[in-house]
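Derivation of every value follows stated rules applied to the coordinates shown; laboratory data play no part. Keep in mind that this is a model prediction, so the values were computed, not measured. Neighbour counts run over all protein chains shown; Cβ positions are idealised from the backbone, glycine included.
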Amino acid sequence: MPADSDSATRKIIHVDMDAFFASVEQRDDPDLRGRPVAVGGSARRGVVAAASYEARRFGVRSAMPSVTAARRCPELVFVPPRFEVYRAVSRQVRDIFARHSRWIEPLSLDEAYLDVTDDKQGIGSATRIARLIRAAIRQETGLTASAGVSYNKFLAKIASDQDKPDGLFVILPHQGADFVATLPVRRFHGVGPRTAERMARLGIHTGADLRRCDMDFMVEHFGSFAAYLYQAARGIDERPVRADRLRKSVGRERTYAQDLVEEAALREALAGIIDSVWQRIQDNGVTGRTVTLKVKFADFRQITRSSTSADTLADKAQFAAIAQGLLARQLPLPQGVRLLGLSLSGLEQAAAPEAAVAEQKAFDF
């Protein structure tokens, strides 16, 4: 999309699958429907990768230690993740997106931005396209998705969370600034608990409070984050949807029910992670230079070891050799291992993407 295009003429949709991993598990196992489900971890150890809405009512969240989740929800059902299934469903959803737009920016397996300013089918209405996408997802995957429609990415993402689950929310161009004024600052992307606490000490609680601050004040208190906050508080976001957006890294980690001690068990476990990560690398159409191994020991002490190549990796065999070499250099390990992780960073597109340039047309939601 041309950098000098008028962002107020864009039509952006943000689609977010509802409790994606957990919903797939509930779809595929009728016994899990209506029950609190955590994907990943176990009642004794590990970390929750995703939680169903039934589990969220008890305060169970992703990235929460499994023991904490089990304490909050004694009826919680833990299921192992099936990433190959989630990737397959994600590809189904991506195919649905592609019927309507050339400009798709995936953020993860379960969410993406679409620029439908110049939609493939000539529908002309972003709201109608969002309805069609959600209906197709339900029909073809048996799952639900929420969507936000607006004139920029910042507002479209906020809108998709407004009516979850299974919702659609639209913020029109003339509504953007007033809508943002009512938002708690915690809803702004990038504003975490610590930043929100600092803002509260400055008397900043909502978007309206932010808008009253001039740029000098913002820079003084928020540094490089100031420009983003200043514009977002006014409903402005100039970022285009980038079909060629690269992830910073691709990786996977696994927590084991019993600590791994023997070299053979460690190598076998790492081989499984290599397979999983390489599949993700292929799915994302990338390659990279830096392989990083993560090891967490039984006492929760953690180390990372990396290797950076002069050129991007040629194939899976090279990736596996580097990963196994990183592990070999740490052997014998001082104690049992509860978690192994592996990632590839320094990413580049494996093949040149289609140019992401969209002609702007008259705006009509």
* Report ³J(HN,Hα) in whole Hz for each residue of region 27-44, in order, from the Karplus equation J = 6.51 cos²θ - 1.76 cosθ + 1.60 where θ = phi - 60°; Gly and Pro get x. => 5, 7, 10, x, 5, 8, 5, x, 10, x, 10, 10, 8, x, x, 8, 5, 9
* Considering only the other residues whose Cβ falls under 14 Å of the Cβ of V85, what net charge follows from Lys and Arg at +1 and Asp and Glu at -1? -> -1
* Q258/E197 FRET efficiency (R0 51 Å; Cβ-Cβ; nearest 0.05) -> 0.80
* Structure fact -> Using the Kirkwood formula on alpha carbons, the hydrodynamic radius of region 155-236 in angstrom works out to 13.1
* Asked: Sorted by average packing, counted as other Cβ atoms within 10 angstrom per residue and highest first, what order do 338-346, 22-30, 145-153, 254-262 take?
  -> 145-153, 338-346, 22-30, 254-262
* **Cα Rg, Dmax (largest Cα-Cα span) when computed across the chain, Å** => 22.3, 65
* Asked: What ratio of Cα Rg to 2.2 N^0.38 Å holds for region 20-82?
  -> 0.93
* Mind listing the phi-derived Karplus ³J(HN,Hα) values for region 86-91, rounded to whole Hz, using 6.51, -1.76 and 1.60 with θ = phi - 60°, and x for any glycine or proline? -> 4, 5, 5, 5, 4, 5
* Structure fact -> If each part is reduced to its alpha-carbon centroid, region 208-271 and region 122-143 end up apart, in Å, by 28
* Asked: Using +1 on the beta carbon of Lys and Arg, -1 on that of Asp and Glu, and nothing else charged, what's the dipole of region 20-82 about the Cα centre, debye to 20?
  -> 280
* Asked: Suppose R0 equals 41 Å; then what is the FRET efficiency for V67 and Q231 from their Cβ-Cβ distance, rounded to the nearest 0.05?
  -> 0.45
* To do: Taking only Cα atoms and a 10 Å spring cutoff, compute GNM fluctuations for the chain and point out the largest among G46, G176, G325.
  => G325
* Structure fact -> Computed about the Cα centre, the charge dipole of the chain from +1 Lys/Arg and -1 Asp/Glu charges at the Cβ has a magnitude in debye, to the nearest 20, of 840
* To do: Mind giving me the FRET efficiency for A98 and A310? R0 is 35 Å, r the Cβ-Cβ distance, nearest 0.05 is fine.
  => 0.45
* Please list the non-local residues whose amide H lies under 5 Å from the amide H of L107, H modeled 1.01 Å from N, same-chain partners needing a gap of 5 or more. => A112, Y113
